[in-house]
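The values are calculated or read from the model by the stated rules, or taken from the named source; none is laboratory data. Quick caveat: nothing in here was measured; it's all calculated off a predicted structure. Here Cβ is always computed from backbone atoms with ideal geometry, including for glycine, and neighbour counts include all displayed protein chains.
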Amino acid sequence: MIIIAFIYACLLFFEWRYLKRKNRTARTYRIVFAFVIFTFLSMEALYYFRDQFTLADVIEMVFDPMEKFIVWGIEKNE
Amino acid sequence: MDRKWGKRSGGRAGQHTDDMDPIHHQLSWLKERLANCSDLVIHTFESRFHQKCALVYVAGLTDQKNIQEEVLRAIFSLDASTAEEFRASIFERKQLPISNYAVIPLEAGPSSVVEGRVLLVIENEQRAIRFNLPFVKGRAIDEPISEATVRGPREAFIESADDNLSLIRKRLKTPEFKTETMQIGTYTQTKVMILYIQGLCDNELIEMVRTVLSQIKIDGVLGSSYLEEHLDSSPFSPFPQVQYTERPDVVSAALLEGRLAIIVDGSPMVLVVPVTLFMLLQSAEDYYQRYVAGTWIRWIRYLFVFISLLLPSFYIAITTFHPEMIPSKLLITITASREVVPFPALVEAFIMEISFEALREAAVRIPKSIGQAVSIIGALIIGTAAVQAGIVSAAMVIIVSFTGIASFIIPHFDLGLAVRFLRFPIMILAGIFGLFGIACGLILLYIHLINLRSMGIPYLTPVTPFVVSDLKDTLIRAPWWFMRKRPYHENEKLNKWRQPKKEASKQGEEEEEIRD
Amino acid sequence: MNDKYEKVTPTQLYMLFSLYLFTTILSFRQGALVGEAKFGVWVSLLIGSFGGLLFPYFSYRLAKRRPTRFFSHYGREIVGSWLHYPLVSIMIFSYLFSAAFVLREMQDFMVEVFLPDTPDWAVTSIFCICVAYAVRSGVQTIFRCAQGVFFLTMIGMLLIPVFVMGELNKDMSVAFLNHFDWKGIGSGSYLVASLYGQMSFILFLFPFFSNQQKTMKSLIWATVTSLFIICSNLIPTILIFGPELTSNLIYPELELIRYIRAGYFLENLDPVLISIWLTSLFIKISLFLYVAILILTHSFSLQDHKPLSLTMTILMAGISLLMVRTGADLVRLMGHGEVMFLIVTEAIPILYLVVDWIRSRLGKSSNEKAKA
């Protein structure tokens, strides 16, 4: 978890320097930083909860019933 | 006061320092500007009309014989009846029998003198005459040192910009061949010439180069490499984005392709822009041989570029991560030779490569008399001894020497340096990740080359962006009757055809039939 | 010379998509595909590919209506912000997930076959550095990457079946014409259609194309080329191993290459495989990631995609490492829901097209009424 934080800190610094060099507006800074923080939190969450659930479980939960419905539908027609 | 001036200037004999001298005013100004220049000569004399005159020049940059025979004789034999007519015939009517002399304000005098021109100052005249009689000792035109050919011409550029220009001018006898001159360098005032063929070269490119060069503010330009870094679009890239050559035929061919050349006074290397990776891998000899030979050698060259970059990395990757790839007999031999070596393959390779680089760098400075002996010592004795001592394995010595030889195949020295340098990061990647690491390293290199541009032209043209018609000079060396179009240019208005189209030959055939 | 306006030519489009389309199918999906369709796999490829082409076709129709504008800018005009932003979020996540998915498959392959002691995160990190560089450089770089390696890759992939000619069991070839398991072929087509339909993201790249009229032509030719390459490798695989074994092998292509005996010089030609696959996979991952970043950038109304590119790359790397616990889970995901997820994402532009068509119709009829 600390490694992730370290990587994100480097990333933030790097992007800040890039934005400064290109003289971007304050709005751009805000959006970029907000997005970096958001992804950082999601990454930490994913990592912390990796034993309880994974993204694959979410997708399966949402889309598997849909798939079964269609496939079941095709099977029924045959 | 004059004696003080006299002592400080320390000129040659013939200097008058009379306080009441009418020319004193101009000369003292010149002496002040050019104080402490011990090679300055001020030769004062009186004309036939008792006007005080002086010739000012720098002894080392001018031909004294020429001055005697041309300038002094011309001045004394000028046909004039009064002092006023004398002055007018020199300054207004330009009747001195010497070619190419200019009337300049006295303020421009000092810079003209240090450039090697001769200044004629006449009393009470705020203008001066500037004669172009340079005679700078330099090398004679000689054979090229780094780009020798068997069949092509053997002339190479020298340090004098004017002589270099004449070498190109005698090959391109067309009024479309244009040259623009500028001076760069606050202290050196180096003459820089931009050469191009109008109608073939893109105006945007000419404008870009002109802008870049005119914006250079630097103390001195001592060689073409000083300008090269300003012309680079990506100075941090190891790959050269400007080509340099010492052969006039290469420059002429480049100009005919629609490229632009830059001559820098004092440097025997002429810069050529824009350049692609494949142009840097071509050698002049390719075009003077038959196309089959040219194509074959070109392929060998491409193969050896890869070998030079990747051979040690492959060895490290395969012996460390993928030994199953090697045929069993060879595997046993390699393992046996690596048995006694205490280091892993990566460290071994690094030791050998760095020693080789050190040898190569040292070889540049070894005096020629012992150079041969040292290289034999280095190669045979040290190499063999190292293997026998168990520091490195025999296979590694072979790999490193082969790589070294391969790197000399690259015609352009800077590109060879780039490849040599890039070998090391790829070796590190190979040592950590095996073949996957090499692949990743190559992908990174590939993306870098795709992004790289030379004066706006992508570096990997014509492979990407894909220009089919130019591949015939990249992959192979197509015969001359095949290369009818010039390399691809965005600008549609430029003359695309190197050779006339087929209709002309049909007409010729018809005429022959009629004659029969 | 004008960087900002340097466009993607139809040739580049064709070359990139030819590589893009065959790479995952040949690398990682052969087992699943042959497991479903058995000998009828060529039929399911044909049906699936041309069926899947419908998705990019509808995207193309939608994009043609506003050829110079980017989708994320005009999307909310069509369906309204409340619907547009969730749909865009789904699309961004889907492309990010697809990139992470392919990355995970590649990483599993590398670690399992070539680098047994290397930790996963190291392999992913080094690869993501390459991807980050490419994505940060822009779409033109990715297309030119594909252009440069196209010929070498094609030659490489076509040489493989040539070398294994001697090992084929030719008697089995009759089964291709008389063994048809239509249910299996249907499932196979469904899988293939989802993969070919991913080309629908041309909707987001449309303003970058120099010759927009020829887009579909390039895509169709890319489909044909990729089908040719896939079949030329898949059919020998089945003829050597048989459908049962092929469906149980995780990496049939690898096994096929190991059958090549290239004389006494090298025992096996794995590096050939690595270099071909790695570059094509790299291009595929970069393109997915780039599209996700592009949509995100335009949704935020930013001009430059570079600031967000590194963040998304790290996110993709994280997702690929954390998305499933083991490789077996990955295979399970493929069969349970992943395909549906892809198809839903590909169908979203169709929704936009339909709504836009209805709105323009209504707009026209209300104009006519107003005139009358």
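Residue-by-condition table, conditions (1) aromatic (Phe, Trp, Tyr); (2) part of a helix (DSSP H, G or I); (3) facing chain C (nearest Cβ under 8 Å):
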| site | (1), (2), (3) |
| --- | --- |
| A:6 | yes, yes, no |
| A:11 | no, yes, yes |
| A:14 | yes, yes, yes |
| A:23 | no, no, no |
| A:31 | no, yes, yes |
| A:45 | no, yes, no |
| A:56 | no, yes, yes |
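If you scan region B:321-348, which residues turn out to be more than 14 Å from every other protein chain (Cβ to nearest Cβ), more than 21 Å from residue C:115 (Cα to Cα) and aliphatic (A, V, I, L, M)?
B:336, B:340, B:341
Please verify whether region C:282-293 includes one or more residues that are within 13 Å of chain A (Cβ to nearest Cβ) and within 30 Å of residue A:32 (Cβ to Cβ).
Yes, there is a match, as at least one residue in region C:282-293 is within 13 Å of chain A (Cβ to nearest Cβ) and within 30 Å of residue A:32 (Cβ to Cβ).
Could you please let me know if residue B:166 is among the hydroxyl-bearing types (Ser, Thr, Tyr) and not in a loop (DSSP other than H, G, I, E, B)?
Answer is yes for this residue.
Considering only region C:306-372, give the helices (runs of 4 or more DSSP H) lying wholly within it that have at least 1 residues that are under 23 Å from residue A:38 (Cβ atoms). Walk me through how you get there before you give the answer.
Numbers: elements: C:306-322, C:327-333, C:339-371.
It comes to C:306-322, C:339-371.
How many residues, within region B:21-52, are under 18 Å from residue B:128 (Cβ atoms) and within 43 Å of the chain's Cα centre (by Cα)?
So the answer is 15.
If you check residue C:143 against the conditions, is it touching a residue at least 24 places away in the same chain (Cβ under 8 Å), facing chain B (nearest Cβ under 9 Å), part of a helix (DSSP H, G or I) and surrounded by 18 or more Cβ atoms within 10 Å (Cβ to Cβ)?
Values: touching a residue at least 24 places away in the same chain (Cβ under 8 Å): yes; facing chain B (nearest Cβ under 9 Å): yes; part of a helix (DSSP H, G or I): yes; surrounded by 18 or more Cβ atoms within 10 Å (Cβ to Cβ): yes.
In short, yes.
Failed condition for residue B:200, given (1) touching a residue at least 40 places away in the same chain (Cβ under 8 Å); (2) within 30 Å of residue B:110 (Cβ to Cβ), with all others met?
Failing condition for residue B:200: (2).
Does any residue of region B:339-346 turn out to be in a helix (DSSP H, G or I), over 30 Å from residue C:148 (Cβ atoms) and at pLDDT 85 or above?
Yes, the conditions are met somewhere in region B:339-346.
Would you confirm whether any residue within region B:420-427 is in contact with a Gly (Cβ under 7 Å, 6 or more places away or on another chain), modelled with pLDDT of 90 or more and either outside the structural domain of residue B:237 (by TED's automatic domain parsing) or among the small types (Gly, Ala, Ser) (or both)?
Yes, that holds for at least one residue.
Could you list, in sequence order, all residues of region C:72-115 that are over 30 Å from residue C:328 (Cβ atoms), touching a residue at least 24 places away in the same chain (Cβ under 8 Å) and either of a type in the set (Ser, Thr, Tyr) or in contact with a Ser or Thr (Cβ under 9 Å, 6 or more places away or on another chain) (or both)?
If the condition is that a residue be over 30 Å from residue C:328 (Cβ atoms), touching a residue at least 24 places away in the same chain (Cβ under 8 Å) and either of a type in the set (Ser, Thr, Tyr) or in contact with a Ser or Thr (Cβ under 9 Å, 6 or more places away or on another chain) (or both), then C:72, C:73, C:75, C:85, C:88 are the ones that fit.
Using the structure shown, decide if residue C:319 is at the interface with another protein chain (Cβ under 9 Å from one of its Cβ atoms) and not charged (D, E, K, R).
Yes.
Is it the case that some residue within region B:248-263 is in contact with an Asp or Glu (Cβ under 8 Å, 6 or more places away or on another chain), within 27 Å of residue B:150 (Cβ to Cβ) and part of a loop (DSSP other than H, G, I, E, B)?
no
Could you tell me which numbered condition residue C:243 fails, if it satisfies all but one of (1) over 23 Å from residue C:331 (Cβ atoms); (2) part of a helix (DSSP H, G or I)?
(1)
So, in region B:351-376, how many residues would count as being surrounded by 10 or more Cβ atoms within 10 Å (Cβ to Cβ) and not in a helix (DSSP H, G or I)?
Within region B:351-376, residues that are surrounded by 10 or more Cβ atoms within 10 Å (Cβ to Cβ) and not in a helix (DSSP H, G or I) number 1.
Filtering region C:116-130 down to residues that are touching a Leu at 6+ places or on another chain (Cβ under 7 Å) and more than 9 Å from chain B (Cβ to nearest Cβ), which residue is nearest to residue C:307 (Cα to Cα)?
Among residues in region C:116-130 that are touching a Leu at 6+ places or on another chain (Cβ under 7 Å) and more than 9 Å from chain B (Cβ to nearest Cβ), the one nearest to residue C:307 (Cα to Cα) is C:124.
What is the number of the single condition among (1) away from chain B (no Cβ under 14 Å); (2) in a helix (DSSP H, G or I) that residue C:107 does not meet?
The one condition residue C:107 does not meet is (1).
Looking at B:171, B:210, can you tell me which residue is of a type in the set (Lys, Arg), at negative phi, modelled with pLDDT of 90 or more and in a helix (DSSP H, G or I)? Walk me through how you get there before you give the answer.
Working: B:171 fails: in a helix (DSSP H, G or I).
None of the others qualify; the one that does is B:210.
Looking only at residues that are part of a loop (DSSP other than H, G, I, E, B) and of a type in the set (Lys, Arg) in region B:115-163, which one is surrounded by the fewest Cβ atoms within 10 Å (Cβ to Cβ)?
Ranking the candidates gives B:137 first.
Here is a yes/no grid of residues against (1) more than 30 Å from residue B:426 (Cβ to Cβ); (2) under 14 Å from the mean Cα position of the chain (by Cα):
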| position | (1), (2) |
| --- | --- |
| B:254 | yes, yes |
| B:259 | yes, no |
| B:281 | no, no |
| B:288 | yes, no |
| B:292 | yes, no |
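Out of curiosity, is residue C:72 polar (S, T, N, Q) and under 19 Å from the mean Cα position of the chain (by Cα)?
So residue C:72 fails the test.
Among the residues of region B:310-350, how many are surrounded by fewer than 16 Cβ atoms within 10 Å (Cβ to Cβ) and touching a Phe, Trp or Tyr at 6+ places or on another chain (Cβ under 7 Å)?
Counting residues in region B:310-350 that are surrounded by fewer than 16 Cβ atoms within 10 Å (Cβ to Cβ) and touching a Phe, Trp or Tyr at 6+ places or on another chain (Cβ under 7 Å) gives 1.
Select from region C:123-140 the residues that are at pLDDT below 90 and not polar (S, T, N, Q) and list them in ascending order.
Selection gives C:138, C:139.
Output the residues belonging to region B:269-291 that are in a helix (DSSP H, G or I) and over 13 Å from residue B:239 (Cα atoms).
B:284, B:285, B:286, B:287, B:288, B:291 - these are the residues of region B:269-291 that are in a helix (DSSP H, G or I) and over 13 Å from residue B:239 (Cα atoms).
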